[in-house]
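The values are calculated or read from the model by the stated rules, or taken from the named source; none is laboratory data. Treat the numbers as computed from the prediction; the structure is a model and nothing was measured. Counting neighbours? That spans all protein chains shown, and the Cβs are built from the backbone with ideal geometry, glycine included.
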Amino acid sequence: MFTTFRQYMTLSIVLSVVILGSLVLAACQATTPAAPAAPTVPAGAKAGDLIDVKSCAFQPGGGDTIYEAECSTLIVPENWDKAGSRLIALPIVRIPATGPTVAEPVFWMVGGPGGSNLGWAPPAWLLKNRAAVMVGYRGEDGTVVLKCPEFGRRVKAHIGVDLFSDKARDDMSAAAKECADGYEQAGVDLSGYTMPQVIEDFEAARKGLGYERIDLFSESYGTRVAQIYAYLYPESLQRVIMVGVNTPGHFLYDRSVLDKMIGHLAELCAQDDYCSSRTDDFAQTMYDVNRNMPERWLIFNIDPDTVRVGAHFMMMDNANFATIFDAYLAAGEGDYSALALLNMMVKVLYPADALVAGDAFNKAGTADLDRYGGPESINLGNSIMGAPHSEFIWPSAQKWPLELLPEELRSLQESDVEMLLVNGTMDFSTPPTALDEARPYWHKAQMVLLPDFSHVEDEYTLQQTAWERLITSYLDTGVGDDSLYVYQPLPFKAGVSNTVIAKALAGAIVLIPGLILLGIALVVRRIRRR
């Protein structure tokens with residue numbers, strides 16, 4: 001039936017990818033609700049109007065929790081700084097407090113940029129005496145959504161193949177320019193989709209909902225918005241929580257900072273019996289592997305740039321560290337199967353289509369574009385890992401029409417607003433150096449640095465009782481109690497090695513299509529006999 005082994009393996013891969021894709025698609029369809037219709041601006045509406053206020057059942061992110069909430073629509077100018085700017089609409093969700101004592105409401109600011117601000121599931125303990133409010137982000141949740149489908153398609157075409165090649169960079173940059181040109185031709189004022197404009201939306205929502213002062217709960221990118229908020233409207237804020245603090249300049253990753261954290265990982269590895277038995281220096285192993293990957297393992301492609309992107313993303317969550325250790329340690333021993341699996345999974349699962357790229361370009365670019373020194377400032381160079389997520393975004397952001405924010409909004413400013421800053425020492429998204437940078441400027445800031453925690457999900461989930469105590473004590477008193485935290489070491493050994501998974505998958509790719517073909521042959525034989 002097949003004239004060459006290559007034809008058989010090609011069919012095997014196609015069938016396996018179809019099966020895997022179907023499973024992933026089914027899972028996504030089962031857990032992700034259909035996106036709500038974008039809000040519209042009714043005739044006669046004016047800026048600041050809060051309309052369509054009604055009770056609603058709010059189910060964030062398709063999770064199991066359903067809140068009895070209040071949903072409404074906020075009318076705002078597309079550009080607060082321009083008289084006569086057209087109006088756009090933003091959704092608002094308010095979840096009321098469950099207890100009798102009501103303190104200042106907590107306004108949520110999610111990370112990104114390029115993600116919805118309507119996916120928060122506030123814990124029950126936070127809702128006991130305060131409401132939780134989500135204001136949709138302009139450019140993401142409202143009338144105008146700055147999606148760039150062609151950018152996503154071109155990213156998908158290069159992931160797993162040649163992600164940071166000159167051709168890929170040119171393709172993605174061209175797609176970004178085409179996207180921006182299309183929005184401008186459609187009459188969208190791109191200069192209105194910046195962080196200060198988001199803050200004006202939050203202020204309009206605060207007034208429309210009747211709150212004198214609010215608490216901010218921000219993470220990652222949201223912390224940058226919160227910093228500017230505290231500078232522009234200190235009188236509107238009671239307290240500000242920042243988790244995974246992103247200080248000015250850090251929408252771009254600093255290779256030297258990432259290298260320093262990998263150096264700390266190497267020190268921890270040297271103290272761990274399992275890890276130290278496989279390498280004398282994990283940092284050197286990672287350095288060498290990132291420069292000496294083969295083009296493929298068996299028949300599976302390996303793109304070094306895609307592998308670095310996957311590793312960078314996975315190192316933003318403690319639960320995934322063991323997987324990255326396993327993959328690089330195995331590669332250092334000459335077994336590249338786990339890196340081939342990582343390359344495949346990034347290609348299949350990276351949500352390029354879901355990223356609202358125009359929103360990301362606009363909000364990050366207007367703040368930090370002047371810090372970008374070209375591809376050579378963020379590529380692998382002589383570093384251990386480079387700054388792969390920056391390589392992914394910034395060359396294309398250069399093609400977006402960007403006007404930098406005023407200097408005072410792009411730099412740290414002194415503030416007497418009460419703040420709680422929480423970072424992990426192993427945060428590969430918003431590195432812990434942010435706390436030292438902020439310390440001289442924010443005079444009423446309490447800083448909590450959690451040893452060997454990574455990005456925000458670790459803070460929320462690794463020690464939940466300690467997290468609850470920290471946040472509730474801070475919101476109630478202005479002093480966060482971090483006494484319940486205990487040191488939690490990073491995992492070095494994966495429960496199931498990715499090399500085992502990769503080899504099992506390779507076997508399945510050979511076996512499953514063979515069984516399918518055997519089944520077809522048996523059916524054909526039975527039909528012929530009849």
Restricted to region 382-417 and to residues being hydrophobic (A, V, I, L, M, F, W, C) and in contact with a Pro (Cβ under 7 Å, 6 or more places away or on another chain), the residue nearest to Y193 (Cα to Cα) is L405
State all residues of region 133-167 that are surrounded by fewer than 23 Cβ atoms within 10 Å (Cβ to Cβ), farther than 16 Å from D353 by Cα and either of a type outside the set (V, I, T) or within 19 Å of the chain's Cα centre (by Cα) (or both); if no residue qualifies, say none.
D162, S165, D166, K167
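Just one of T425, T461, T465, T430 is under 25 Å from the mean Cα position of the chain (by Cα) and crowded, with 18+ Cβ neighbours inside 10 Å; which is it?
Working: T425 fails: crowded, with 18+ Cβ neighbours inside 10 Å; T461 fails: crowded, with 18+ Cβ neighbours inside 10 Å; T465 fails: crowded, with 18+ Cβ neighbours inside 10 Å.
Every option except T430 fails the conditions.
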Residue pairs qualifying under the 7 Å Cβ cut-off, at least six apart or on distinct chains, with the first in region 82-104 being over 15 Å from Y211 (Cα atoms) and the second being assigned to a loop (DSSP other than H, G, I, E, B) and of a type in the set (S, T, Y), are I88/T143; A89/T40; A89/T143
Across (1) part of a loop (DSSP other than H, G, I, E, B); (2) within 19 Å of the chain's Cα centre (by Cα); (3) buried (at least 20 other Cβ atoms within 10 Å of the Cβ); (4) not assigned by TED's automatic domain parsing to the domain that holds D81, I384 clears everything bar (2)
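Looking at G119, is it surrounded by 21 or more Cβ atoms within 10 Å (Cβ to Cβ) and under 20 Å from the mean Cα position of the chain (by Cα)? It would help to see each step written out before you state the result.
Details: surrounded by 21 or more Cβ atoms within 10 Å (Cβ to Cβ): no; under 20 Å from the mean Cα position of the chain (by Cα): yes.
So G119 does not fit the description; no.
Let's see how each residue does on (1) closer than 30 Å to D189 by Cβ; (2) out of contact with any Asp or Glu (no Cβ under 9 Å at 6 or more places or on another chain); (3) of a type in the set (D, E, K, R); (4) outside any strand (DSSP E or B):
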{"position": "V76", "(1), (2), (3), (4)": "yes, no, no, no"}
{"position": "W80", "(1), (2), (3), (4)": "yes, no, no, yes"}
{"position": "L90", "(1), (2), (3), (4)": "yes, no, no, no"}
{"position": "E104", "(1), (2), (3), (4)": "no, no, yes, yes"}
{"position": "L126", "(1), (2), (3), (4)": "no, no, no, yes"}
With under 24 Å from G365 (Cα atoms), of a type in the set (V, I, T) and in contact with a helix residue (DSSP H, G or I) (Cβ under 7 Å, 6 or more places away or on another chain) as the only criterion, which of V144, V188, V110 stands out?
V110
Of all residues in region 101-116 being buried (at least 24 other Cβ atoms within 10 Å of the Cβ) and within 20 Å of T461 (Cβ to Cβ), the one that is farthest from the chain's Cα centre (by Cα):
V106
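Yes/no matrix, rows are residues, columns are (1) assigned to a helix (DSSP H, G or I); (2) surrounded by fewer than 24 Cβ atoms within 10 Å (Cβ to Cβ); (3) touching a residue at least 12 places away in the same chain (Cβ under 8 Å); (4) more than 19 Å from the chain's Cα centre (by Cα):
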| residue | (1), (2), (3), (4) |
| --- | --- |
| G334 | no, yes, no, yes |
| V346 | yes, yes, yes, no |
| L355 | no, yes, yes, no |
| N379 | no, yes, yes, yes |
| S396 | yes, no, yes, no |
If you go through region 122-132 one residue at a time, how many are surrounded by fewer than 19 Cβ atoms within 10 Å (Cβ to Cβ) and of a type in the set (D, E, K, R)?
1
All conditions in (1) part of a helix (DSSP H, G or I); (2) of a type in the set (K, R); (3) crowded, with 23+ Cβ neighbours inside 10 Å are true of K207 except (3)
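To keep it simple, each residue is scored yes or no on (1) under 30 Å from P42 (Cβ atoms); (2) of a type in the set (K, R); (3) outside the structural domain of L216 (by TED's automatic domain parsing).
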residue: R130; (1), (2), (3): no, yes, no
residue: K147; (1), (2), (3): yes, yes, yes
residue: G152; (1), (2), (3): no, no, yes
residue: D166; (1), (2), (3): no, no, yes
residue: R169; (1), (2), (3): no, yes, yes
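This table checks each residue for (1) outside any helix (DSSP H, G or I); (2) of a type in the set (A, V, I, L, M, F, W, C).
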| residue | (1), (2) |
| --- | --- |
| R153 | no, no |
| G160 | yes, no |
| A175 | no, yes |
| F202 | no, yes |
| T223 | no, no |
| A230 | no, yes |
Within region 174-227, how many residues are within 22 Å of the chain's Cα centre (by Cα) and over 30 Å from P149 (Cβ atoms)?
4
If we keep only residues of region 408-420 that are in a loop (DSSP other than H, G, I, E, B) and out of contact with any Asp or Glu (no Cβ under 9 Å at 6 or more places or on another chain), then the residue nearest to E468 (Cα to Cα) is V417
Go through the residues of region 461-474 one by one and say whether even a single one is assigned by TED's automatic domain parsing to the domain that holds P123, of a type in the set (D, E, K, R) and at pLDDT 95 or above.
yes
